[in-house]
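This report refers to the structure that appears directly beneath it.
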Amino acid sequence: MRLLARNGPLAGTAVTLSDGLTISVSETGTSICRVHADGDGFVVESSDEHATLFVNGLPAITRRLELRDELRIGESLFVVGEEESQAAQAASPPLLPCAVRDGRAVDRLTDIKVALDLAPSPWQSSKGTNREDQGLGPLFGAAVALSQIRGLASLDAAVAGLILDAVPVQRVAFAARLSQGDAESATVRSAWSAGGDQQEAMSVDSNRLATAMRERAGVVVGMNGVNVLVAPMMAFGRATGAVWAEAAPGVALDERHLWRLLLIAALAAVGREQAEETARLEETNERLRAEINLEHNMVGGSRAMRTLFDRIARVARTESTILVRGESGTGKELVARAAHRNSPRAERPFVAINCAALTETLLESELFGHEKGAFTGAIGLKKGKLELADGGTLFLDEIGELPLPLQAKLLRALQEREFERVGGTRPLHVDFRLIAATNRDLETAVHDGTFRQDLFYRLNVVTLALPPLRDRREDIPALAEYFVRKHTARSGRRVVGLQSDALARLVKYDWPGNVRELENAIEQALAFGVSDRIVLEDLPPTLSNAPRKHGSLNYHETVEGTKRDLILRAFEQAEHNHTAAARLLGVHPNYLHRLLRNFDLRRTLSESAGSQD
C-alpha cells in the first residue's frame, strides 16, 4: 500500500507504507504521524496532540488504513492506494545515458522496446518515395495503440516503441517546447533506445529541435557519422514538441522514413494534448474534491469532541439510522457527512434536504418525487430525494419540522424501504441509510402531539449529540485559526493569526450561534481588518460589547474604556475633525471609523459636537 498525494504541498508524490514510517509535511520537520505494520495491513497514528491528522474528514489518533481512505496530513491530502506490482517494476528497463548539446541535463531517460501487435504490413523497401509505397499498416497500428493509452506516464514509452518498430532507428528522444519571454527553445523530455546500448551517450542538438518546431517541418540530417530524423510534433495547428530519431551507423534514412515519423509524431502529439487536458481536468477535480473535504473536516481536540469522533467512526460502519441532536450552528450536517464518508456507502450519493425550508406540498414532491400531471405545474416526471439516495445516504435536516402527514409517509418508507411518487401508483423500492438532525426537543414534541411517537422510535436508533461551543471553549482557538486560514484567500490580505486580546475575547464569549457565529465573526474581522493579525477592534461590535461577568476591574473592559477616552479626547482637541483626530491618535482614518463603530461612539460625538454649536 502507498499514500498518493492529490492536493497540497506534496501533490503528485507517493509514499510507500512501511513499518516505522514517519510522515512530516511541516517546515520544522516535526513528525505528524507514524505508520505501524498490523498483520497484513497498516495503522496510522497521530503524533500531534492538536489533531493535524484527519482520516476521511475526522480527526484521528489511530486508525487502520484501508484502500481509498483519504488522509489530510498538514495541508496535504493523500489517498491510500495499492503499491505498484513487482512485475511492473521489474519490467522497467535500464537507464540510457544521454548528453544534450546545449549542456542541459536530462534526468529521466529509459531504454525500452515496446512490443505491439501491428497490422500485418512489414517494413517495405520501396523504390518510390510517394506515400502509397510507405506501408500504412504500422501507422494504423500506431493509431490503434495510441487510442488505448491513458495517462502521460506511459505515452512517451508507447510512442518510442511505435517509432522504433516503424522506422529503422535505434534511439529516440522527445523534446518539449520551452518559452522564455519572446524566445522559444527545446528541452529534452525523455530518451529511449531499442538495443539497450549504454556505452555511448546520445548527443542531441537542441537548436535543430527548436528549428523543427519553429518552421513546422521535418528534416533528415547527418550527425556524428549517423543519419538522424528531426520532426515536429504537430497538434491543432501548432508544434507542441519535437522528435529526434537516430539510426545505427551505416543505416540510411530518407524522405519516406521522415513521412512515417511525421505521421506518428502528429498522432502522438494529439494524443498527448488530450492526455494533458484530461490530466488537467482530473487535477482540477481532485483539487475541488480536496477543497470540499477540507471544508467539511471537523475541528476540535476537546474531550467532548474526541468522544464524538470516536462514536462517529464506530457507527459509520453500520447501517443503523442516526439521529444527530444539537443546537443550531453546531455542525450537524458535518457530522452526517463524516458518517457517510466513513461508511461502506461512501462511493454512493449523499443527498441532503432541509425539512424546514419548504412548504408541505413542495417538501412532499422533493422527498418522494412526482409523476407527470400529478398537480398543476408538474410538466414531467421528477425523482425525489429518496430515489436519488438509492444506495447512499439520505440526510434530513430539521426533521422536527416535518409535517405530520409526511411523517406517516416517511415512516412507511423507512420500514418497508418502498414508497410511491406523488400521483403515482407503482411502489418504488429503495436502499438508503437515513441520518436525521434536529435542534428541537423531540420528546416534548411527541408529548405535545406534533411529532409521531413511532417515527421518533424509528429515528432514535443511534443518537449523536453535539455539544454547544460554550461547553468546549478549549476548541475555540483551533476553530478560529482554521477559519482564518479558510477565509484569508478571499479577503485579499495576508493574515497570520489573532492577537492575544482578540483571542481572549472569543474564548470568553458565550456564542449563542455556536460554530456558525464564530465563522461569521472571523470572516467579518478579515473584511474590516488592515493588519496582518486580527485585533480586538476587528471583531463585530456585538461581540466586542458583550456583557462581562468579571466586574469593572476586568482587564479588557479597562482597555476598552481607555480607548474610548482617548478617542473622545482626540476629537475634542481636533475640534471634531475626523482626519485630524486620526492624526493625533496615530491611526489610519479608516481604522478610526471602525473604532467609532465598534465602540458605538458616533452618537456621543454627534451630541458633543451639537452642544458646542
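Derivation of every value follows stated rules applied to the coordinates shown; laboratory data play no part. Just so we're clear, the structure is a prediction, and the values are computed from it rather than from any experiment. Please note: Cβ atoms are built from the backbone with ideal geometry, for glycine as well, and neighbour counts cover all protein chains shown.
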Other-chain or far-sequence residues with amide H under 5 Å of THR187's (modelled H) = ALA176, LEU178
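Let's test the formula: R0 of 22 Å, r as the Cβ-Cβ distance of ARG306 and LEU21. What FRET efficiency results, to the nearest 0.05? The partial results should precede the final answer.
On the way: r = 25 Å, r/R0 = 1.12.
Between ARG306 and LEU21 the formula returns 0.35.
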query = Can you work out ³J(HN,Hα) from phi for every residue in segment 584-598, in order, using Karplus 6.51 cos²θ - 1.76 cosθ + 1.60 and θ = phi - 60°, giving whole Hz and x for Gly and Pro?
reply = 5, 7, x, 10, 6, x, 5, 5, 5, 4, 5, 4, 4, 5, 5
request  = Quote the FRET efficiency, to the nearest 0.05, computed for LEU178 versus GLU276 with a Förster distance R0 of 22 Å and r equal to the Cβ-Cβ distance.
outcome  = 0.90
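Ranking SER365, SER531 by Cβ neighbours within 10 Å, fewest first, what do you get?
Numbers: SER365 22, SER531 13.
Exposure proxy ranking, most exposed first: SER531, SER365.
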Geometric extent, Cα atoms of segment 303-467 - Rg, Dmax (angstrom) = 15.8, 54
Formal net charge of residues neighbouring THR393 (Cβ-Cβ distance under 12 Å; K, R +1; D, E -1) = +1
request  = With label points built 7 Å along Cα→Cβ from the Cα atoms of ALA408 and GLU255, find their separation and express it in nm.
outcome  = 8.9 nm
message = Taking the number of other C-beta atoms within 10 Å as the exposure measure, put LYS332, LYS372 in order starting with the fewest.
response = LYS372, LYS332
key: Karplus 3J(HN,Hα) series, Hz, for segment 354-362 with 6.51 cos²θ - 1.76 cosθ + 1.60 (x for Gly, Pro)   = 9, 6, 9, 8, 10, 5, 4, 5, 5
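In square nanometres, what is the average projected area of the Cα convex hull of segment 430-505?
9.3 nm²
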ask   = Sorted from fewest to most neighbouring beta carbons within 10 Å, what does the list MET233, MET298 look like?
value = MET298, MET233
key: Within-12-Å neighbourhood charge of ALA266 [Cβ basis; K, R +1; D, E -1]   = +3
key: Gap separating the Cα centres of segment 581-610 and segment 420-476, nearest whole Å   = 50 Å
message = Please give me the summed charge of the neighbours of HIS36: other residues whose Cβ is under 9 Å from its Cβ, Lys and Arg +1, Asp and Glu -1.
response = -2
